[in-house]
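These notes concern the structure reproduced below.
Each value in this text was obtained by applying a stated rule to the coordinates, not by laboratory testing. Not measured: the values here are computed from a predicted model. Using ideal geometry, Cβ is built from the backbone for each residue, glycine included, and neighbour counts are taken over all protein chains shown.
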Amino acid sequence: MPSHVVVDRTAKHVVLICASASFVILGAIFIFTMREGAPALQEIGLYNFLLGTEWRPGQEMFGILPMTVGSILVTLGSMVLAIPIGLACAILLAEVASFRVRRLLRPAVELLVGIPSVVYGLVGMLLIVPAVREIGGSGFSILAASLVLTAMVLPTIISISEDSLRAVPKGYKEAALAMGATQWQMIWHVQVPAARSGIMAGIVLGMGRAIGETMAMIMVIGNSPIIPTSPLSQGRTLTGNIAVEIMYASGIHRSALFSTGVILFLIILVLNTVATFALRRGLKAHHVA
């Protein structure tokens, strides 16, 4: 058998094994988390666990609704800010900026990905929290957490949106310009709609990044297990709830934290599935075009 055939078959099997291992690891994590969290769900009840408004381990009250609301609010708050900023940056990098500007801005965007979350948290504590305190409250709030998350999810939205805009067939742009459209009209009415699947995938992945963030949220949100009543209220996220209490939890308390992990796992799995579907739909549309 020729050596190149052996190499090709070996590489194929290695890739298959590695890919299968990732699914096995994912399944093992879910099974382990579900097994550890099952006692709490059986004792507390799924309804009381998901919709309970009190989290008091000392009194065996385990309702994660305040943390769910906190996670949703900081995620939505960050998306409201990050989507227009991220889309504008993607358009700038893909179509508007000169080569020299792109050469400076793209590494800056990529650098944001590598900054540890604890650094974002420190910056939030030293700069954002005092600024929010001037508006009202203690400064540790949903608003401060949303602002920190905005900076953290921007690289994901910018990178995927830029790639999607660049993947739009040149014929679309040339046809729009030939019909008399300005550059901005071509971008907004032709290129952005054609790339909407990829842009949506970037937004969904950014949401998954926001929901899964832990350390920075612990440092700026206040960590009070209450339902926030305003952007200036303190709160707690699902991830923060696990990180804050897991070190000293035991018994049903520990199991309840693992159940929280199961809920997080399912939420992020759904978001990633939606993002993957959107990306495949966009690539299929570009291929057909």
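Within a 10 angstrom radius of the beta carbon, how do Y248, Y172 rank from fewest other beta carbons to most? Kindly include the intermediate steps, with their values, before the conclusion.
Details: Y248 9, Y172 17.
Placing the least packed residue first, the sequence is Y248, Y172.
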*asked:* Quick check for me: using +1 on Lys/Arg Cβ and -1 on Asp/Glu Cβ, what's the dipole size of the range 114-220 about its Cα centre, in debye to the nearest 20?
replied: 160 debye
_Placed amide H near F62: partners under 5 Å, 5+ positions off or other chain_ = R56
*In whole angstrom, note down how far apart the Cα centers of the range 1-72 and the range 114-136 are.*
30 Å
*Have a look at M125, L76, L87 and report the one farthest towards the positive end of the charge dipole of the range 25-143, computed about the Cα centre with Cβ charges (Lys/Arg +1, Asp/Glu -1).*
L87
*Starting at the first residue of the range 11-26, write each ³J(HN,Hα) from the Karplus equation 6.51 cos²θ - 1.76 cosθ + 1.60 with θ = phi - 60°, in whole Hz, x for Gly and Pro.*
4, 4, 5, 5, 4, 4, 5, 5, 5, 5, 4, 5, 5, 5, 4, 4
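Would you calculate a helix-derived [θ] at 222 nm for the chain, using -39,500 (n - 2.57) for each DSSP H run of n ≥ 4 and dividing by the full residue count, to the nearest 500? Kindly include the intermediate steps, with their values, before the conclusion.
On the way: 13 runs with 212 residues, N = 289.
Per the formula, -24500 deg cm²/dmol.
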_From phi via Karplus (6.51, -1.76, 1.60), per-residue ³J(HN,Hα) for the range 219-232 in Hz, x at Gly/Pro_ = 7, 10, 8, x, 6, 9, x, 10, 7, x, 10, 7, x, 8
*Can you give me the P(r) profile for the chain? Cα pairs, bins 5 angstrom wide beginning at 0, each as a whole percent.*
1, 5, 10, 12, 13, 13, 12, 11, 8, 6, 4, 2, 1, 0, 0, 0
*Most exposed first by the Cβ proxy, i.e. fewest other Cβ within 10 Å, how do R166, R103 rank?*
R103, R166
*3J(HN,Hα) from dihedral phi, the range 146-159, Karplus parametrisation 6.51/-1.76/1.60, rounded to Hz, x for glycine, proline*: 5, 5, 5, 5, 4, 5, 7, 8, 4, x, 5, 5, 5, 4
*Rg and Dmax of the range 16-148 over Cα atoms: what are they, in angstrom?*
21.2, 62
*Can you find, among L51, S141, S161, the residue farthest towards the positive end of the dipole of the chain? Put +1 on the C-beta of Lys and Arg, -1 on that of Asp and Glu.*
S161
*For the range 197-216 and the range 175-196, what is the separation of their Cα centres, given in Å?*
27 Å
